[in-house]
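Q: Sharing a structure with you now.
Please treat every number below as a calculation from the coordinates, not as lab data. Quick caveat: nothing in here was measured; it's all calculated off a predicted structure. FYI the Cβ positions are ideal-geometry reconstructions off the backbone, even for glycines, and counts take in every protein chain you see.
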Amino acid sequence: MENIKEKAVLIAVQTKDVSEEEAELSIAELGRLVETAGAEPCVSVIQKRENFDVASYIGRGKALEIAEICKNNEITLAVIDDEISGSQAKNLEDLLDVRVVDRTMLILDIFAARAKTAEGRLQVELAQLKYLLPRLIGLGKSLSRLGGGIGTRGPGETKLETDRRHIRRKINSLEEQLEKVEQRRLQARRRRDKNAVPSVALVGYTNAGKSSLMNVLCCSNEVYVEDKLFATLDSTTRKMVFPEYPKSNILLTDTVGFIRKLPHTLVEAFKSTLEEATSADLLLHVVDSSDAELSSHIETVTGILNELGIEHKPVWLVMNKNDRLVGDREIEASAVMAANRLNGIKVFSVSAKTGKGIAELRNEIRNALQN
């Protein structure tokens, strides 16, 4: 029997500080996130306002219009393209008569479904609880169900069971557990430093092809690959082996992908994982060179790297998926490459799919870290 996907309406507010293009790109990405979470985006609504409505994000009049759209199209889920408060979510649910999930909750839901390792699950649960704590009052239908759709996976708290003291205790417990994991990671890092094993970290926008690139650089197919946002969540470290140079071993780490409006709670929770990037000798910033949003993706990742305090690390730009470049995409990719080279950044054009440019990239990595 075929699974019937939950229908969703996507809602965004374009304020005076946001351009029309930025608003459209953001809500389009929200649609991909909704698809990744397993629902079907049916309708997109962008409202132009000076500022967000304090009570209901979009205002009562617009909410009632959307409520009619939901009713006529059998839509049961509204996804907001920003992080909203618990009271705004409850007011919207009352007006729309559907469940309301904001961008942060949606991303947390995807992370909850994708986390495989014990550390990854701890990090996601910590982020979920920190998101939930200030929203105990106001979250309506989202807290009144268990396992009923997007935004309901996770710690399993229900409206009647949630208690601030209990959640704070749980947060403290999770932070203690993650601190122990962090200590083990630090010890492993010290052993690598002692053995003088150089390390490289792959960073970049989600779905840029980091995992595929890792597989070809390490000459293996061990890392899971899928054409979806956040297909891989947990960081993975593999060894780059050079048969012609038996003593040249380099560790390569794949990190979690970045995205627009990445929830601060997730950045905080995954800091220990992202610190693999901060301790690496070299960062490979992987981008999808065929993506229409190439430049904005580079800006987003650069901003997050700066936030993590690793802007002074050596960073190489790896333009992946060059096998897809045609017409305008090829012109834009060439312009981006030229601009970065002018800024003194080393740039490589590769295809993890066809292998084009991979040998050159491997040799450059070995030459940079082994000489």
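Q: Any chance you could run the full-extension gain for Thr15 through Glu244? It's 0.36 nm times the residue separation minus the Cα-Cα distance, nm to one decimal.
A: Fully extending the segment from Thr15 to Glu244 adds 76.7 nm.
Q: Turning to a different aspect of this structure: For segment 28-136, what Kirkwood radius comes out of the mean inverse Cα-Cα distance, in Å?
A: Every distinct Cα pair counted, the radius reaches 14.9 Å.
Q: Pairs of Cα atoms under 8 Å, at least six residues apart: use those to get the relative contact order of segment 7-114, whole percent.
A: 33 percent.
Q: Sort Leu369, Leu132 so that the residue with the fewest other Cβ atoms within 10 Å of its own Cβ comes first and the one with the most comes last.
A: Leu369, Leu132
Q: Among Val45, Ala28, Leu64, whose Cα sits farthest toward the positive end of the charge dipole of segment 15-110 (+1 at Cβ of Lys/Arg, -1 at Cβ of Asp/Glu, about the Cα centre)?
A: Checking the options against the dipole of segment 15-110, the answer is Leu64.
Q: Grab the Cα-Cα distance for Gln177 and Glu65, subtract it from 0.36 nm times how many residues apart they are, and report the gain in nm with one decimal.
A: 35.6 nm
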